[in-house]
Amino acid sequence: AALKDALRSQVSAALKEGRVTPTELCQRCLALIKSTKFLNAYITVTEETALKQAEESEERYKRGQPLGILDGIPIAVKDNFNTAGIETTCASKMLKGYISPYNATVVQKLLDQGAVLLGKTNLDEFAMGSGSTDGVFGPVRNPWSYSKQYKEKSVPKSHSEDKESNWVITGGSSGGSAAAVSSFTCFAALGSDTGGSTRNPAAHCGVVGLKPTYGLISRHGLIPLVNSMDVPGILTRCVDDAAVLLGSLAGHDPKDSTTIQDDFKPFELPDLTDVSKLSVGIPKEYNAPGLSSEILALWSKAADLFKNAGAKVVEVSLPHTRYSIVCYHVLCTAEVASNMARFDGLEYGHRSDVKDSTESMYAATRREGFNDVVRGRILSGNYFLLKQNYEKYFVKAQKVRRLIANDFMKVFRSGVDILLTPTTLSDAASYTEFIQEDNRTRSAQDDILTQAANMAGLPAINVPTALSERGLPVGLQFIGRSFQEKQLLTVAKWFEKQVQFPVIQLEEVKRHDNGVFQHQKSVSFS
């Protein structure tokens, strides 16, 4: 039951009172990782390290000196964050076997507060994708594929299809982290969010996914995709837990010049009872082509929920949203081309056996080390950055990006506090359906509702809202003002309480792990 409890209010209290020990929690999570191995959520499981960290935490609790709320709490980290002494692969051949000499700042902060690192989670290669299907270690399976809720609604054509091809994707690129949290193998996980890579899988896996304001959390040690948009993301099972993690991770880092200079004060979320002073904006452009009627109806119902509770609900316009996905493609690939230049086979990572010349070794290393998706983005980015194309594409995209950011500023200046939008166009696609289209097409479709917040650097959160007709999670997104995470999370917590999203009933795991899933309602760790 502890695996479903909230961090601050329940699990941390249980640890302090000795009702459960850090070692017991860690062992239970490790057992679940083994019994859910078929999900492919983890690339590396650090069992020995985790048990050692749990024992150290237990000693601190015995002395009555825990390091804080996170002491003894099992967490997972996306495999594009550097971890000292633990392999960091970015789900690529290029970095297979690479062991970083240092920890990313966010990883170090978690360890400094006594968190127990269970392992590194799966992703799309170098975080380029929206399905967690394109990594060298294979696709991640959505835990909801094996839930009682989905199985009751899905009718496979045959028994073999049920087993092999009826499973659905997690979304991406932080699909491993979302699956890890959703399947109770950890209490919280780190993802990264460049165009929606935390919120998209959070929506598909029925968990909370927070993308903080750009600059609030350090990027030092996060292997970069798009420096001007990358943000470490937080995945948890409830909004309160996201606030706990944010309080532990946010603040200035001298190793990252883009972080805020001011001190960040962790906050406890109040229980909002009166929303009458709240103004909620509904951006009409987010009724995008391809948005399912089911999600449109859910979005409308959520707006009515706020309206009936006394909030002011207004339709707003973000006119440059329709250009954002094209603008994002240009800027993303341009920065990818620059960032991927470091992987040349000389300093670290894969090196080809071709020895004809340095140039041929470079070329062969990159051809062998990167998949088609990464190579395609490098080619696109270098094309946009050619001298004759620079003004026409890159500079123009930067100008459009400014217009997109200005749209948000105008709406917030008009008195709107929070924007309410869908997170994804539909519920999770089956794997066989998802791979019918190429990565670029899929990413363009799946990022359309999330990437504008990255372009503007705004905080945004996915809140699991309901189950679709297929028995799969559907989430809605709240976008807030810059550095107003407290307001954003307070509203998200109120909404979470109203919708009462159901807890996953993992039938497949029940057979492997009797007794863990008997208590179905409690969610968080705080």
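The values are calculated or read from the model by the stated rules, or taken from the named source; none is laboratory data. The structure presented is a predicted model; accordingly, all values stated were derived computationally and were not measured. Using ideal geometry, Cβ is built from the backbone for each residue, glycine included, and neighbour counts are taken over all protein chains shown. Only protein heavy atoms, including side chains, enter the accessible area calculation; ligands, DNA and RNA are left aside. Shrake-Rupley method; radii C 1.70, N 1.55, O 1.52, S 1.80 Å.
Out of all the residues in the stretch 393-405, which are touching a His at 6+ places or on another chain (Cβ under 8 Å) and open to solvent by 40 Å² or more (accessible area, probe 1.4 Å)? Walk me through it before giving the result.
Taking the stretch 393-405 as the starting set, the residues that turn out to be touching a His at 6+ places or on another chain (Cβ under 8 Å) are 400, 403-404.
Leu403 - this is the single residue of the stretch 393-405 that is touching a His at 6+ places or on another chain (Cβ under 8 Å) and open to solvent by 40 Å² or more (accessible area, probe 1.4 Å).
State whether the residues of the stretch 89-102 include one that is within 30 Å of Thr21 (Cα to Cα) and surrounded by fewer than 22 Cβ atoms within 10 Å (Cβ to Cβ). First the steps, then the outcome.
Residues of the stretch 89-102 that are within 30 Å of Thr21 (Cα to Cα), as a first pass: 102.
With the extra rule that they be surrounded by fewer than 22 Cβ atoms within 10 Å (Cβ to Cβ), the set shrinks to 102.
So far as the stretch 89-102 goes, yes, one or more of its residues are within 30 Å of Thr21 (Cα to Cα) and surrounded by fewer than 22 Cβ atoms within 10 Å (Cβ to Cβ).
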**Study point:** Filtered residue count, the stretch 8-43, keeping only those that are open to solvent by 30 Å² or more (accessible area, probe 1.4 Å), within 17 Å of Leu235 (Cβ to Cβ) and aliphatic (A, V, I, L, M)
**Key:** 1
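How about the stretch 364-374: which of its residues are open to solvent by less than 80 Å² (accessible area, probe 1.4 Å) and either modelled with pLDDT under 95 or under 27 Å from the mean Cα position of the chain (by Cα) (or both)? Spell out how you get there, then give the answer.
Initially, the stretch 364-374 is screened for residues open to solvent by less than 80 Å² (accessible area, probe 1.4 Å), giving 364-366, 368-371, 373-374.
Answer for the stretch 364-374, where residues must be open to solvent by less than 80 Å² (accessible area, probe 1.4 Å) and either modelled with pLDDT under 95 or under 27 Å from the mean Cα position of the chain (by Cα) (or both): Gly369, Phe370, Asn371, Val373, Val374.
Which one of these is crowded, with 24+ Cβ neighbours inside 10 Å, of a type outside the set (Asp, Glu) and in contact (Cβ under 8 Å) with a residue 12 or more places away in the chain: Gly68, Gly119, Gly114? Spell out how you get there, then give the answer.
Details: Gly68 fails: crowded, with 24+ Cβ neighbours inside 10 Å; Gly114 fails: crowded, with 24+ Cβ neighbours inside 10 Å.
Being crowded, with 24+ Cβ neighbours inside 10 Å, of a type outside the set (Asp, Glu) and in contact (Cβ under 8 Å) with a residue 12 or more places away in the chain holds for just one of Gly68, Gly119, Gly114, which is Gly119.
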Exercise for review: Give the residues of the stretch 130-144 that are more than 12 Å from the chain's Cα centre (by Cα) and either under 20 Å from Val45 (Cβ atoms) or open to solvent by 10 Å² or more (accessible area, probe 1.4 Å) (or both), sorted by residue number.
Suggested key: Thr133, Asp134, Gly135, Val136, Phe137, Gly138, Pro139, Val140, Arg141, Asn142, Pro143
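It is to be established whether one or more residues within the stretch 271-282 are touching a Pro at 6+ places or on another chain (Cβ under 8 Å), open to solvent by less than 30 Å² (accessible area, probe 1.4 Å) and not in a strand (DSSP E or B). Full working, then the answer.
So in the stretch 271-282, the residues touching a Pro at 6+ places or on another chain (Cβ under 8 Å) come out as none.
Taking every residue of the stretch 271-282 in turn, none turns out to be touching a Pro at 6+ places or on another chain (Cβ under 8 Å), open to solvent by less than 30 Å² (accessible area, probe 1.4 Å) and not in a strand (DSSP E or B).
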Check your understanding: So Glu59 clears everything in (1) at pLDDT 95 or above; (2) touching a Phe, Trp or Tyr at 6+ places or on another chain (Cβ under 6 Å) except one condition, right? Which one?
Key -> (2)
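Only one residue in Gly209, Gly290 is open to solvent by 10 Å² or more (accessible area, probe 1.4 Å), in contact with a helix residue (DSSP H, G or I) (Cβ under 8 Å, 6 or more places away or on another chain) and among the small types (Gly, Ala, Ser), so which one is that? Spell out how you get there, then give the answer.
Details: Gly209 fails: open to solvent by 10 Å² or more (accessible area, probe 1.4 Å).
Checking each option against the conditions leaves just Gly290.
Those residues that are hydroxyl-bearing (Ser, Thr, Tyr), assigned to a helix (DSSP H, G or I) and touching a residue at least 60 places away in the same chain (Cβ under 8 Å), I need them from the stretch 432-474; list them, please.
First, pick out the residues of the stretch 432-474 that are hydroxyl-bearing (Ser, Thr, Tyr): 432, 441, 443, 450, 465, 468.
Imposing the further condition that a residue be assigned to a helix (DSSP H, G or I) reduces the set to 432, 441, 443.
Hits for the stretch 432-474 are Thr432, Ser443.
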Check your understanding: If you go through the stretch 234-267, how many residues are among the polar types (S, T, N, Q) and in a loop (DSSP other than H, G, I, E, B)?
Key -> 4
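Results for (1) open to solvent by less than 10 Å² (accessible area, probe 1.4 Å); (2) closer than 30 Å to Thr465 by Cα, shown as yes or no for each residue.
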residue	(1), (2)
Leu318	yes, yes
His329	no, yes
Met340	yes, no
Ser352	yes, no
Met361	no, no
